[in-house]
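Input: a single structure, listed below in structure tokens.
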Amino acid sequence: MSRPDLNELLPDAEAGVRPSPEGVAARRALIAHPVVLLIGIVLASLNMRAALASVSPLIGEISSTFGLSSTASSLVTSVPVLFLGVGAMVAPWLARRFGTEVVLLCALVLLGTGILVRVLPSVFALYGGGVLAGTAIALLNVLMPGLIKRDFPDRAASMTSVYTGAMIGGATLCAAASVPLEKAFGNSWQASLAFWSLLAAVAAVAWLPQVLIARGRTGHEIRTAPATAGPARSIWRSALAWQVTLFMGLQSLWSYVLIAWMPTIFTDHGMSRSTAGVIFAFNNLIQVAGAFGVPLLAGRMRSQRPLIVLVTSMVAVGYAGLMIAPVSGAWLWSAVLGVGQGGAVGLALTLIVLRSGDAQTAARLSGMAQTVGYLLAAAGPLTAGAVYQATGSWTLPIALVLGVCAAALVVGLFAARDRKVQAGG
């Protein structure tokens, strides 16, 4: 069996849509400005985790301001993750209806708005801003791979590395800078969070030229493979598709528990907030190693089972370390977790491509995996916070995540078999 062309199978939210002659001309005009494209992609990617990573180091202050319990505090991070799944449902339709460039611009504006709404003096605004931010990030998550495949068809793999690196870099920057910014703004967590709306605004301005160049394409697409009820349902009847989807969801769950609670775990054991924020930023930064390396290895293997064992074991060891020696081993556990987290998300996204036989299947499987996966992941921070509130300790929440690691190992071993998703199979 020949190995798939990863560039060809990169999930594309506009799969099945062929541009008209006007669209072809607009696309050529876009590609004639590669620097504009590259700047837009990098700046947009910087925002893809920024709104989530900037909250975690400040969750204690946010909770104190509104008098939130641990369970209610977990909703600050769970609500955006929940709407990552909801937004993934509508992203393909929006891209086909209005064009990717327009939707990405609107997503960046929506993200900046959500960040500002989140700091208004109301607990409802806190959660409502999370809804807007989560929906915006979902649009960016779903549409960026297809845009790269379309505009950089011969360099899709390298450009994917660029946008992934920018995404992780943005998260690292926000995690490291949130507490120092809070202090610089007179101990105002609101000002610290609001600051990151500027990053979204700059990205939106950088994206505007692409929208203007591509304006002739919007509304001129011709659907070459009309969606029908049968094929759309068949992916959901595939056992292999569910295995890939569950691995995506379970690895997202353990990552979002860390995004929500890692700094709090450290500070609850006596670490300063500034140090906890720096270690959390280091955890984000070190994910680059796994996110880059594991997909490269996965593409060269017929079965990715050894990589499943590697990444789940690293995450389990890191979580166990947080349970046993959270402060004395903080840097080590952060590094082990980071490589495991980055490798797991890179492997999950690569499995979507490797288990698909064609671009349309890749697009459908990507939509299923992101929708169900993020809906599942949203339960992680909420459950961990509720269990912590009930027990007063992080031991049981971490033990539950170790159970998630075991479940991810099992479904991952099935998802990593050298097979293709088939209709109904």
What is the distance, in nm, between label points placed 7 Å from the Cα along the Cα-to-Cβ direction at Ser274 and at Lys420?
5.7 nm
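Between Rg and the Kirkwood Rh of segment 323-408, both from Cα atoms, what is the Rg to Rh ratio?
1.08
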How do Thr160, Thr100 rank by accessible surface area computed with a 1.4 Å probe, from largest to smallest?
Thr160, Thr100
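Relative to the present Cα-Cα distance, how much length would full extension add between Thr395 and Val90 at 0.36 nm per residue of separation? Mind dumping the intermediate values first?
Values: separation 305, 0.36 × 305 = 109.80 nm, distance 3.82 nm.
That pair, Thr395 and Val90, stretches by 106.0 nm at full extension.
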With all protein chains modelled, accessible area of Thr135 [1.4 Å, Å²]
30 Å²
Length added when fully stretched, Val123-Ala191, from 0.36 nm per residue minus Cα-Cα:
22.9 nm
To the nearest 0.05, what FRET efficiency results for Phe98 and Ala407 with a Förster distance of 35 Å applied to their C-beta separation?
0.35
Using the alpha-carbon centroid of each, what span in Å lies between segment 40-72 and segment 297-342?
24 Å
Just read off the accessible area of Thr172 with the full protein assembly in place, 1.4 Å probe, to the nearest 10 Å².
20 Å²
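When Lys and Arg each count +1 and Asp and Glu each count -1, what net charge do the other residues less than 11 Å away from Arg417, Cβ to Cβ, add up to? Can you show the working numbers first?
On the way: positive: Arg302, Arg305, Arg355, Arg419, Lys420; negative: Asp418.
Cβ neighbours under 11 Å give a net charge of +4.
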For Val317, project a label point 7 Å along Cα to C-beta. Then give me every residue of segment 267-293 with its amide nitrogen under 15 Å of that point.
290
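Using the Cα atoms as the points, what is the convex hull volume per residue of segment 71-192 in Å³? Working shown, then result.
Numbers: hull volume 13.9 nm³, N = 122.
Given the Cα convex hull of segment 71-192, per-residue volume reads 114 Å³.
The values are calculated or read from the model by the stated rules, or taken from the named source; none is laboratory data. This structure is a prediction, so every number in the text was calculated from the model and none was measured. With ideal geometry, Cβ positions are generated from the backbone for all residues, glycine too; neighbour counts draw on all protein chains shown. The area values use the complete protein model at the heavy-atom level, side chains included, leaving out ligands, DNA and RNA. Shrake-Rupley method; radii C 1.70, N 1.55, O 1.52, S 1.80 Å.
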